[in-house]
1. On the basis of being part of a helix (DSSP H, G or I), at pLDDT below 90 and in contact with a Leu (Cβ under 8 Å, 6 or more places away or on another chain), does residue 65 make the cut?
2. With (1) within 25 Å of residue 2 (Cα to Cα); (2) under 14 Å from the mean Cα position of the chain (by Cα); (3) hydrophobic (A, V, I, L, M, F, W, C) as the list, and residue 47 as the residue in question, which single condition is left unmet?
3. I'm trying to understand the selection: among the residues of region 50-67, which are surrounded by 13 or more Cβ atoms within 10 Å (Cβ to Cβ) and among the small types (Gly, Ala, Ser)?
4. Please state which of the following conditions residue 39 fails to meet, knowing it meets all the rest: (1) assigned to a helix (DSSP H, G or I); (2) surrounded by 14 or more Cβ atoms within 10 Å (Cβ to Cβ).
5. Pairs please, first residue from region 24-41 and without any contact (Cβ under 8 Å) to a residue 24 or more places away in the chain, second anywhere and part of a helix (DSSP H, G or I) and of a type in the set (Ser, Thr, Tyr), Cβ atoms under 7 Å, 6+ apart in sequence or on different chains.
6. Residue pairs, Cβ under 8 Å, 6 or more apart or interchain, first in region 1-17 and closer than 14 Å to residue 61 by Cα, second among the hydroxyl-bearing types (Ser, Thr, Tyr) and surrounded by 10 or more Cβ atoms within 10 Å (Cβ to Cβ). List them.
Amino acid sequence: MNSLAETVRQLAPHWGVMFVAMLSALAVAERVVLAVPLWGSLLVVLVVAVGYPPVVRVLGVAPEVWER
């Protein structure tokens, strides 16, 4: 069992990357659609949040706590 500090240490870089990926996806959506409604922004964030962990696992860089 990992301690909370170890879990946060493993996940912090991925949280940062996911945050940047969400902001980037929102910026692209704003450029393409011009005025993305709130539900559209939420959908983009949800897609990134749900899609990031499987992509990271396939790339082989998932943190140990996600390998359970």
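The values are calculated or read from the model by the stated rules, or taken from the named source; none is laboratory data. Remember, it's a predicted structure, so these values are computed and weren't measured experimentally. Every residue, glycine among them, receives a Cβ derived from its backbone with ideal geometry; neighbour counts consider all protein chains shown.
1. Yes.
2. The single condition residue 47 does not satisfy is (1).
3. Result: 51, 62.
4. (2)
5. Pairs that qualify, where the first residue is without any contact (Cβ under 8 Å) to a residue 24 or more places away in the chain and the partner is part of a helix (DSSP H, G or I) and of a type in the set (Ser, Thr, Tyr), are 26/41.
6. Sorted first by the residue in region 1-17, then by its partner, the pairs are 14/52; 17/52.
Each row is one residue, and each column tells you yes or no for (1) within 10 Å of the chain's Cα centre (by Cα); (2) closer than 23 Å to residue 4 by Cα; (3) assigned to a loop (DSSP other than H, G, I, E, B).
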| site | (1), (2), (3) |
| --- | --- |
| 24 | no, no, no |
| 43 | no, no, no |
| 51 | yes, no, no |
| 61 | no, yes, yes |
